[in-house]
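Just below is one structure, and these are the notes that go with it.
The values are calculated or read from the model by the stated rules, or taken from the named source; none is laboratory data. Not measured: the values here are computed from a predicted model. Positions of Cβ are backbone-derived with ideal geometry, glycine not excepted, and every protein chain shown enters the neighbour counts. Side chains included, ligands, DNA and RNA excluded: accessible areas come from the protein's heavy atoms. Shrake-Rupley method; radii C 1.70, N 1.55, O 1.52, S 1.80 Å.
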Amino acid sequence: MNFSGSAGAERAARIDVAALRHNVRTIADYVRPAKVMVAVKADGYGHGALTAARAAIDAGADWLGTAHVAEAKALRDAGVEAPILAWLHTRGTDFAEGIRHHIDLGVSGWELELIAEAAEQLHIPARVHLKIDTGLGRNGCTAEEWPALAAKAAEYSERGLISVEGIFTHLAVADEPDRRETDEQLAAYREAVEVAEAHGVVPDLRHVANTPAALSRPDAHFDMVRVGVGVYGQSPFADRTPEDLGLRPAMELRTTVANVKRVPAGQGISYGLTHRTDQPTSLALIPLGYADGIPRIAVDAPVWINGRICRSAGRVAMDQFVVDLGSEETDVRVGDDAVVFGGGSGIAAADWGTAAQTINYEIITRIGERVPREVVDTGDDAEAPGQDA
Ligand SMILES: *Cc1c(COP(=O)(O)O)cnc(C)c1O
């Protein structure tokens, strides 16, 4: 994997759409007969929303999910026709735009009236999914308000202003499969569905599970799962790798070594001089920094260079950080490939999460705009994602 002298991108987040497809199929096989909604919010978890959406649909995903109506609208503008649900709204959300572009709308409470008004003006019924808060304490209708919301939804349905397509909730601790709070959330959810049905609201799609629940709680599958991180080939569990789950990481963050130098013991490294070399050593400069999404807080973080995994030293700066290559004479040269995570490097986004006191979700979604997304397709039979053909 030595690209020296090749005219590759200076830096790239390389996205393997074959891995995305593989992951969608793996999860779909696992949850069948439940349908699969792939979350492509936050620019497809940093992989490119359109790239992720197309790969998901190619692999048989039934639905797409976004947080914002504007994210869903951007997919429509790009020609995506699959069903899309958007679930996080503000007073500034353009519900009319959502209805016009047949985007399904999550409803936690206050939105319902505004959505019904927009639908009335457009003479197009709005498609909504009612959201119950079963314990996450974030979005969603409380159990107390739920009967009133269901009654209101039934009334608007009768008037032809809305059609209730789904009832959903979101889990708080599904990444820790043994915690009883998930059982409590599922019980609260079932009760909410019964209350809605008693009000005459009987939707086709009951959906609860995120990736960790899809992979660990068959009793949470219902009619559809909403999966994000697993589709991108990341494990939602602290103690299981993507490989353990049959998933392939779809993003490789790569660049080339921008400088190499020999320094004596006692050399300070980067702002604040928080690190000093304790022996003569070689340093490699990696031209990615916190403006590119490398967490400034990361220490002792892994980077693959010339077949070896080395460790970062000193503070990550805006545009660059330093890797200590060790005291022995180095064969690393300017222009050699450097892989931050993914590909054949053996480094996981989760390893950077550990180095930066965060999780793989944040590492992949925070890669900056200055890093071009380079879409590759290693083919559906590829064994080793990210290996260069
Ligand atoms: C982001 C999100 C998901 C997907 O979660 P993953 O853990 O990435 O699978 C599902 N449902 C809702 C409401 C979300 O916001």
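Here are some notes:
- Three-way shape label, region 1-111, alpha-carbon gyration tensor, a/c 1.5: oblate
- Spin-label pair V173/E10, simplified geometry with 7 Å Cα→Cβ offset, distance in nm: 4.8 nm
- Scaled to the globular estimate 2.2 N^0.38 Å, the Cα spread of the chain, given as radius of gyration, is 1.11.
- Zone of D204's modelled label, taken as backbone nitrogen in region 85-115 under 19 Å from a point 7 Å along Cα→Cβ: 85-86, 99-107
- For region 251-376, fraction of C-alpha pairs farther apart than 17 Å, in %: 54 percent
- In terms of packing, defined here as the mean over residues of other Cβ atoms within 10 angstrom, the peptides 260-269, 321-330 line up highest first as 321-330, 260-269.
- Among the protein heavy atoms of the chain, carbon and sulfur supply 48% of the accessible surface, probe 1.4 Å, non-protein parts ignored.
- Rounded accessible area per residue of region 2-89, 1.4 Å, Å²: 38 Å²
- Summary value for the chain: 19 percent relative contact order, contacts being C-alpha pairs under 8 angstrom separated by 6+ residues.
- Stretched out straight at 0.36 nm per residue, the stretch from E81 to D29 would grow longer than its current Cα-Cα span by 16.4 nm.
- Sum of side-chain charges, R311 neighbourhood, beta-carbon under 10 Å (Lys, Arg +1; Asp, Glu -1): -2
- Seen from all directions on average, region 33-232 presents a Cα convex hull projection of 10.4 nm².
- With R₀ set to 25 Å, the beta-carbon distance separating T90 from E158 gives a calculated FRET efficiency near 0.30.
- What region 310-375 shows is 45 Å² of accessible area per residue, with the surface traced by a 1.4 Å probe over protein heavy atoms.
- Segment E181..V299, full-extension length gain: 39.1 nm, with 0.36 nm per residue of separation and the alpha-carbon distance subtracted.
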